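Accompanying notes for the structure given below.
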Amino acid sequence: QVHVVESGGGLVQAGGSLRLSCAASGTALSINDMAWHRQAPGKQRELVARITSGLSTKYADSVKGRFTISRDNAKNTVYLQMNGLKPDDTAVYLCGAYQTGAAYWGQGTQVTVSS
């Protein structure tokens, strides 16, 4: 069972920055993709950014140019650098770690952006 833990959320003013971290542990198997999703109250969960083990990335249109996803494969850790934050970015941010045939999720970290 893979254990996923996020950290780094908080309250920030519009235009500010936050850096989220996510560590996956408890497995000797390779972690394939890692991703950040978010879910705001009353809205569906949406993909924010995804990164492969080969460091290819994909972003939601709403965060392109503002957010950067990166990872340290040796540590099974993924990061999300968020700049130029907007109130619409307010959500619980959840980290996902993918192995063949399985996906593991953390509990999430709250990001709140005040106007």
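A compact table of results
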{"quantity": "Residue match in region 18-27 (condition: modelled with pLDDT under 95, over 11 Å from the mean Cα position of the chain (by Cα) and outside any strand (DSSP E or B))", "calculated": "yes"}
{"quantity": "Long-range neighbours under 6 Å by Cβ, at least six apart or interchain, first residue in contact (Cβ under 8 Å) with a residue 24 or more places away in the chain within region 72-86, second of a type in the set (Lys, Arg) and open to solvent by 60 Å² or more (accessible area, probe 1.4 Å)", "calculated": "81/19"}
{"quantity": "Hey, residue 31 among the β-branched types (Val, Ile, Thr), touching a Lys or Arg at 6+ places or on another chain (Cβ under 8 Å) and open to solvent by less than 40 Å² (accessible area, probe 1.4 Å) or not", "calculated": "no"}
{"quantity": "The one condition in (1) of a type outside the set (A, V, I, L, M, F, W, C); (2) open to solvent by 70 Å² or more (accessible area, probe 1.4 Å); (3) closer than 27 Å to residue 115 by Cα that residue 100 fails to fulfil", "calculated": "(3)"}
{"quantity": "Matching residues in region 34-88 - criterion: being open to solvent by 30 Å² or more (accessible area, probe 1.4 Å), more than 18 Å from residue 18 (Cα to Cα) and β-branched (Val, Ile, Thr)", "calculated": "52, 57"}
{"quantity": "Failed item in (1) assigned to a loop (DSSP other than H, G, I, E, B); (2) at pLDDT below 95; (3) not acidic (Asp, Glu), with residue 63 passing the rest", "calculated": "(2)"}
{"quantity": "Where residue 45 falls short, out of the listed (1) more than 15 Å from residue 84 (Cα to Cα); (2) in contact (Cβ under 8 Å) with a residue 40 or more places away in the chain; (3) in contact with a Ser or Thr (Cβ under 8 Å, 6 or more places away or on another chain)", "calculated": "(3)"}
{"quantity": "Any hit, region 3-16, residues being modelled with pLDDT under 95, open to solvent by 20 Å² or more (accessible area, probe 1.4 Å) and at positive phi", "calculated": "no"}
{"quantity": "Search result, residues across region 28-55 that are modelled with pLDDT under 95 and on the phi > 0 side of the Ramachandran plot", "calculated": "42"}
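The values are calculated or read from the model by the stated rules, or taken from the named source; none is laboratory data. These numbers come from a predicted model, not from an experiment. Cβ coordinates were reconstructed from backbone atoms using ideal geometry, including for glycine residues, and neighbour counts include every protein chain displayed. For accessibility, only protein heavy atoms count, side chains too; no ligands or nucleic acids. Shrake-Rupley method; radii C 1.70, N 1.55, O 1.52, S 1.80 Å.
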